[in-house]
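Notes for the one structure printed next.
The values are calculated or read from the model by the stated rules, or taken from the named source; none is laboratory data. Just so we're clear, the structure is a prediction, and the values are computed from it rather than from any experiment. Here Cβ is always computed from backbone atoms with ideal geometry, including for glycine, and neighbour counts include all displayed protein chains. The area values use the complete protein model at the heavy-atom level, side chains included, leaving out ligands, DNA and RNA. Shrake-Rupley method; radii C 1.70, N 1.55, O 1.52, S 1.80 Å.
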Amino acid sequence: EADIYQTPRYLVIGTGKKITLECSQTMGHDKMYWYQQDPGMELHLIHYSYGVNSTEKGDLSSESTVSRIRTEHFPLTLESARPSHTSQYLCASSESSIGAATHFGPGTRLTVT
Amino acid sequence: AQSVTQPDIHITVSEGASLELRCNYSYGATPYLFWYVQSPGQGLQLLLKYFSGDTLVQGIKGFEAEFKRSQSSFNLRKPSVHWSDAAEYFCAVGARAAGNKLTFGGGTRVLVKP
């Protein structure tokens, strides 16, 4: 079964550190997404990509950045982590066809101290 | 822009009882509707989706949902819940104009009593 992977699953890091959250998918999907989810809350789209070298900001403003150099890889970077970045980050992907289901990774729970 | 409302934040149900989770959406055209389930500390798993055609959709784990255009609703149902169904459930809407980006409801946490 094809899958979507995120590493690390949990990360505790100090303020000011640079971090990269990794996301890879083996389904060959063109579309990839990053959602942010605070505990017990809904998901908000922060970044998406429709293909290699395509990245767009989502509905929720985020200080993070993303890149899409390869189809299967969509990392998210925070240049200088702050406590306000503490959250769960969910990576997802979907086929390009209209109405295609979105598949989610297990998430990275980030805590910035 | 599309939006989704899940009116119930928490629902407690006895094991073996039926379950219905409400979802109302707002979108000008025909939406694509999804239900996802999230267990603690996990990502989201797709339960079912409505794209077109039959308005009663069958999903995994014994769940079904009915699309009612007149009520702008897509309620999720299960006739008999199991303790393993305790989780957070999210309704989401996608739209052609939004390029498959999803808008999520606030979620409903389901607790199952023995």
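The set of residues in segment B:16-65 that are hydrophobic (A, V, I, L, M, F, W, C) and in a loop (DSSP other than H, G, I, E, B) comprises B:Ala17, B:Cys23, B:Ala29, B:Phe51, B:Phe63.
Of all the criteria given as (1) in contact (Cβ under 8 Å) with a residue 24 or more places away in the chain; (2) open to solvent by 30 Å² or more (accessible area, probe 1.4 Å), the one not satisfied by B:Glu66 is (1). Listed by position, the strands (runs of 3 or more DSSP E) enclosed by chain A that each have at least 1 residues that are among the hydroxyl-bearing types (Ser, Thr, Tyr), over 25 Å from B:Thr5 (Cα atoms) and in contact (Cβ under 8 Å) with a residue 24 or more places away in the chain are A:4-7, A:10-13, A:19-25, A:43-51, A:76-78, A:108-112. The listed residues are A:Glu22, A:Glu42, A:Glu72, A:Glu79, and the only one of them that is out of contact with any Leu (no Cβ under 6 Å at 6 or more places or on another chain) and loosely packed, with under 14 Cβ neighbours inside 10 Å turns out to be A:Glu79. Looking at B:Gly28, B:Gly43, just one residue is under 18 Å from B:Gly105 (Cα atoms) and open to solvent by less than 20 Å² (accessible area, probe 1.4 Å), and that residue is B:Gly43.
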